[in-house]
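*Asks:* Attaching a single structure in structure tokens format; questions to follow.
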Amino acid sequence: MAGRAAEPEVIWARPERTGRGPRPAYTRADIAAAAVRIADAEGLDAVSMRRVAAELGCGTMSLYNYVPRKEDLYELMVDVAGGEHELWEPSGDWRADMLRAAHQTRALMHRHPWLPRLMSPVYGFSPNALRYLEHCLACLDPLPEPYGTKLELIAMLNGIVTTYVTNELATAERTRSLPWTPEQENAARIAYLGGRIATGAYPRMAAAFAEDAGPIDLEAVFERALGRMLDGFAPRP
């Protein structure tokens with residue numbers, strides 16, 4: 001007979017210790033920090049309860065007394081990374097503050113390349129995530145919109161950053177695996193594309209390349225993406 005399905009549990013609602021028995025040898029912070037060190041050095045796939053236990057010098061099963069599931073470990077890791085967000089006194093310019101938050105999040109994801117894989121609304125209510133959300137909402141006080149709209153703005157901003165950084169990381173990873181330089185590959189692809197466009201089968205693409213043959217300024221693209229998204233939330237005159 002199948003056992004009863006586990007009840008959903010939020011790791012933050014679970015007491016770190018019951019107050020009975022000997023003082024725990026480790027804290028959740030110790031465990032999360034070990035997991036982050038492993039992920040930073042070797043990638044998210046290297047993180048396992050066994051590996052974290054080895055990093056801490058304890059038995060694997062003992063970790064489950066602190067962190068019941070691997071998903072909980074991931075949530076702790078995301079919270080550790082979120083604690084690196086710098087919070088500042090809102091400037092009164094909500095747009096400038098949101099751009100600052102976006103650039104800070106981008107830098108954070110590059111410091112922890114595993115983080116985009118774990119970006120999920122499920123992990124959005126940890127202590128540091130709540131701290132960051134409250135800060136962003138404070139920065140958005142001058143924007144005359146309901147809180148639901150402001151939360152949507154923050155989610156969209158984080159979505160743009162996550163997508164952009166994911167592409168940056170994937171491109172860098174692919175480049176490291178190639179037996180030639182990015183410049184060599186780019187030249188070969190441009191030559192091929194130029195030949196296809198020259199056939200006349202793609203007149204709109206030909207017109208686009210006639211307007212701007214590149215190279216693409218990816219930093220400018222990032223800034224435009226953020227700016228256009230924020231424009232959508234700006235008050236109408």
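*Asks:* Which of the numbered conditions does L143 fail, given that it passes all the others? Conditions: (1) over 22 Å from I38 (Cβ atoms); (2) under 11 Å from the mean Cα position of the chain (by Cα); (3) of a type outside the set (V, I, T); (4) part of a loop (DSSP other than H, G, I, E, B).
*Replies:* Exception for L143: condition (2).
*Asks:* Give the residue, chosen from R236, R196, R224, that is surrounded by 10 or more Cβ atoms within 10 Å (Cβ to Cβ) and either closer than 25 Å to L140 by Cβ or touching a strand residue (DSSP E or B) at 6+ places or on another chain (Cβ under 6 Å) (or both).
*Replies:* R224
*Asks:* Is it true that some residue in the range 118-125 is closer than 24 Å to E16 by Cβ, touching a helix residue (DSSP H, G or I) at 6+ places or on another chain (Cβ under 6 Å) and part of a helix (DSSP H, G or I)?
*Replies:* Yes, that holds for at least one residue.
*Asks:* Right, next: Among the residues of the range 198-236, which ones are over 30 Å from Q104 (Cβ atoms) and not in a helix (DSSP H, G or I)?
*Replies:* Scanning the range 198-236 gives A198, T199, G200, A201, Y202, D212, A213.
*Asks:* In addition: Which of the numbered conditions does W114 fail, given that it passes all the others? Conditions: (1) modelled with pLDDT of 95 or more; (2) surrounded by fewer than 17 Cβ atoms within 10 Å (Cβ to Cβ).
*Replies:* Result: W114 fails condition (2) only.
*Asks:* Checking the condition out of contact with any Ser or Thr (no Cβ under 7 Å at 6 or more places or on another chain), outside any loop (DSSP other than H, G, I, E, B), modelled with pLDDT under 90 and among the polar types (S, T, N, Q), which residue from T162, T171, T166, T149 passes?
*Replies:* So the residue among T162, T171, T166, T149 that is out of contact with any Ser or Thr (no Cβ under 7 Å at 6 or more places or on another chain), outside any loop (DSSP other than H, G, I, E, B), modelled with pLDDT under 90 and among the polar types (S, T, N, Q) is T171.
*Asks:* Ok, one more. Which pairs turn up if I take residues in the range 81-104 that are surrounded by fewer than 16 Cβ atoms within 10 Å (Cβ to Cβ) and look for partners that are of a type in the set (A, V, I, L, M, F, W, C) and in a helix (DSSP H, G or I) with beta carbon separation below 7 Å, at least 6 apart in sequence or on another chain?
*Replies:* E84/L108
The values are calculated or read from the model by the stated rules, or taken from the named source; none is laboratory data. Computed from a predicted model, the values in this text were never measured in an experiment. Cβ coordinates were reconstructed from backbone atoms using ideal geometry, including for glycine residues, and neighbour counts include every protein chain displayed.
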